[in-house]
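Take a look at the structure below.
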């Protein structure tokens, strides 16, 4: 599962409670652009909207930037940040709908990757972190980094 894009900001700003794997409805040139790495998940989120075809609630990836794939030529109606429908089971959609309506919980894209020849999106049910939680995580990361450096130095001799 080669990772194409990560949402590092989400892992820093939110506490991840649950993760789900979803497919994405894309156009051919968007697939090519994503596989070449012309994608950015920073600032994107998941929204539950009514689908125009089925008239049911469906999850959409909002504000994810997919750059223009140059070899595809000039595409007139191209929008880099259009809403893209996510593919989940009805049971998952119902569960996420209920959970996302709870206070303080939201849906955020975490990682975009390929699985076989398909492009998948890992979405997370998250709760926002407080400022002191973020500082605590930074301290833990720094201590772990120092510990690994000391351990590495010890084994050199």
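The values are calculated or read from the model by the stated rules, or taken from the named source; none is laboratory data. The shown structure was predicted, so the numbers you read here are calculated from the model rather than taken from an experiment. Because the Cβ atoms are built from the backbone with ideal geometry, glycine has one as well, and the counts that use them run over all protein chains shown.
A compact table of results
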{"item": "Filter result for residue 92 (loosely packed, with under 14 Cβ neighbours inside 10 Å and either part of a loop (DSSP other than H, G, I, E, B) or modelled with pLDDT of 90 or more (or both))", "result": "no"}
{"item": "Only listed residue being within 28 Å of residue 15 (Cα to Cα) and part of a loop (DSSP other than H, G, I, E, B), chosen from 141, 82, 146, 135", "result": "82"}
{"item": "Positions within the range 104-119 being closer than 16 Å to residue 46 by Cα and surrounded by fewer than 18 Cβ atoms within 10 Å (Cβ to Cβ), in sequence order", "result": "104, 105, 106"}
{"item": "The range 1-20, residues that are surrounded by fewer than 16 Cβ atoms within 10 Å (Cβ to Cβ), in contact with a strand residue (DSSP E or B) (Cβ under 6 Å, 6 or more places away or on another chain) and at pLDDT 85 or above", "result": "2, 3, 15, 16, 17, 18, 19"}
{"item": "Count of the range 32-60 residues which are under 20 Å from residue 2 (Cβ atoms), without any contact (Cβ under 8 Å) to a residue 60 or more places away in the chain and not in a loop (DSSP other than H, G, I, E, B)", "result": "3"}
{"item": "Failed item, numbered, when residue 27 is tested on (1) surrounded by fewer than 14 Cβ atoms within 10 Å (Cβ to Cβ); (2) free of Cβ contacts under 8 Å to residues at least 12 places away in the same chain; (3) over 30 Å from residue 131 (Cβ atoms)", "result": "(1)"}
{"item": "Test: residue in the range 128-142 that is within 19 Å of residue 16 (Cα to Cα), surrounded by 15 or more Cβ atoms within 10 Å (Cβ to Cβ) and in contact with a strand residue (DSSP E or B) (Cβ under 9 Å, 6 or more places away or on another chain)", "result": "yes"}
